[in-house]
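Take a look at the structure set out below.
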Amino acid sequence: MKIKEIMSSPVYVVSPTENIARARNLMLRYKIGRLIIVEDDKPVGIVTKKDIMRRLDQAEPQWRRRPIDDIPIKLVMSDTPITIFPNASPEQLAELMMENNISGLPVVDTKGKVIGIVTKWDLIRYFSKLDSKLTVKDMNIEPALTVHRHHTISQIIHELDDNLADRAVVLESNDNPVGIITSSNLAFTEMRDKTGGLPQKEVKMTRKESTTGRKQNRYIKEVPLVAEDIMSSPLITVDINESATNAAKIMVDERINGLPVIGNGVMGILTGENIVKSILTK
């Protein structure tokens, strides 16, 4: 099989001078996780959901005061993207991804013109159709980063950054998993209010006139958005003894890139990276 058989084409592209709002709207509309930045039909950069999430959480005042339709994509994109030819193999793609710690590559012709894009998602679909005897527990799954359902968005972003993670399982106080937060949840949430702060929600409160009085004087209190406000729920999981290809099929059917693994509690998360590594060693 060749890359040209699994790549996505035509590909959505934008110019470096277009704004972040335009990029995010394209990602939302077409349910994609990255865009190729082009000039004269040649790739000059890539912008992902993670790039948008992390840049919008920066603390610099000049960023906090700028709405996302004033921020050009060139300030958040990763430049000089690695490319691949359409006749390369999935194994060569997997090797490039692992060597360079990337999850998507523009596919170019012999003149360097963009003709498609391939991602870990394409390799997950490829793997789901293989005749493999591997089980989930053979896949060297990653430990699951967990957060409480009442952690704020800012806390979650910093937890993800500190642990170099793309997703976190959301737990109840009794440690039962109830949802998951990914880069998509964070990148596609309105990350700034009109004053430049992180978004908040309004909560109706009541108070008593005295300790024995009736509850009255309802008022509105603004509080930060928390994990349960943006998490994906109900949580889709896989058993640790399930076959790896069936797990990949679940990821394809549910259009998710990370699958919490359940054994004795939350054992970890099966990710695209686990699958890419397995393609290299199959």
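The values are calculated or read from the model by the stated rules, or taken from the named source; none is laboratory data. Quick caveat, the model's predicted, so the values are computed rather than measured. Cβ atoms come from the backbone with ideal geometry, glycine included; neighbour counts cover every protein chain shown.
Counting only helices (runs of 4 or more DSSP H) wholly contained in the range 167-282, the ones carrying 2 or more residues that are at pLDDT below 75 occupy 183-187. Per the listing Asp122, Asp162, the residue uniquely of a type in the set (Asp, Glu) and in contact with a helix residue (DSSP H, G or I) (Cβ under 9 Å, 6 or more places away or on another chain) is Asp122. For the subset of the range 82-107 comprising residues that are β-branched (Val, Ile, Thr) and surrounded by fewer than 21 Cβ atoms within 10 Å (Cβ to Cβ), which member is nearest to the chain's Cα centre (by Cα)? So the residue we want is Ile102.
Selection of the range 1-43 for residues being in contact (Cβ under 8 Å) with a residue 60 or more places away in the chain, touching a helix residue (DSSP H, G or I) at 6+ places or on another chain (Cβ under 9 Å) and closer than 27 Å to Pro90 by Cβ yields Met1, Lys2, Ile3, Ile6, Met7, Ser8, Met27, Gly33, Arg34. Candidates are the residues of the range 28-56 that are assigned to a loop (DSSP other than H, G, I, E, B) and either assigned by TED's automatic domain parsing to the domain that holds Ile156 or more than 15 Å from the chain's Cα centre (by Cα) (or both); the one that is modelled with the highest pLDDT is Asp40.
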